[in-house]
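**Q** Questions regarding the structure given below will be posed in turn.
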């Protein structure tokens, strides 16, 4: 069994959470089930940090019974942001060598109510680049307010094996680094 260790380095000194994930998807930590903390990094709510932009339409069907845009729809906007970014970076389609990018995780903060109709502006940029993964930050803005923000990790795979990010792709991704990260 392969074990992955994540350490929340953004926490207060001495308060970092250690989370252990097994390759089978299980989560182990001191005999208790742990999950990664939600993203509460307020920097992700600042529209000026995002180097990559796209838009999506708020649909009538995005509303819940109370007339608010549903959390599932908010995650769909973030999906549009992430997929547009990874497509533009060349990570979306399977290359001739069989390498592809897949979503490996997402931490979401729902920040404000939103309503139909309208457009959402979606900002995305790179938070971190690993050996075979990239973590992006995205946020959706509507009527001047940040309504949702997230950190999302995309892993490059060849078959079922992580595939290293080469120097050319790494250089392209660095150009989209979020300001202040």
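Read-outs throughout are calculated quantities, based only on the coordinates presented, and are distinct from any laboratory measurement. Please read all numbers here as calculations on a predicted model, not as lab measurements. Neighbour counts run over all protein chains shown; Cβ positions are idealised from the backbone, glycine included.
**Q** Where the centre of each part is set by its Cα atoms, how far does region 89-123 sit from region 141-181, in angstrom?
**A** So the two Cα centres are separated by 9 Å.
**Q** Provide the packing ranking of 158-167, 129-138, 55-64, i.e. peptides ordered by the mean count of other C-beta atoms within 10 Å per residue, highest first.
**A** Listed from highest to lowest mean packing, they are 129-138, 55-64, 158-167.
**Q** Counting only C-alpha contacts under 8 Å and six or more residues apart, can you give the relative contact order of region 39-174 as a whole percent?
**A** 30 percent
**Q** Would you mind ranking 79, 174, 151 so that the residue whose beta carbon has the fewest other beta carbons within 10 Å leads the list?
**A** Going from sparsest to densest Cβ surroundings: 174, 79, 151.
**Q** If region 39-174 were replaced by its equivalent ellipsoid, with semi-axes equal to the square roots of 5 times the Cα gyration tensor eigenvalues, what would those be, largest first, whole Å?
**A** On the way: eigenvalues 165, 46, 30 Å².
Working from the Cα gyration tensor, I get semi-axes of 29, 15, 12 Å.
**Q** Using a basic spin-label model with each label point 7 Å from the Cα along Cα→Cβ, how many nm lie between residue 174 and residue 46?
**A** Label-label distance for residue 174 and residue 46, simple model: 2.2 nm.
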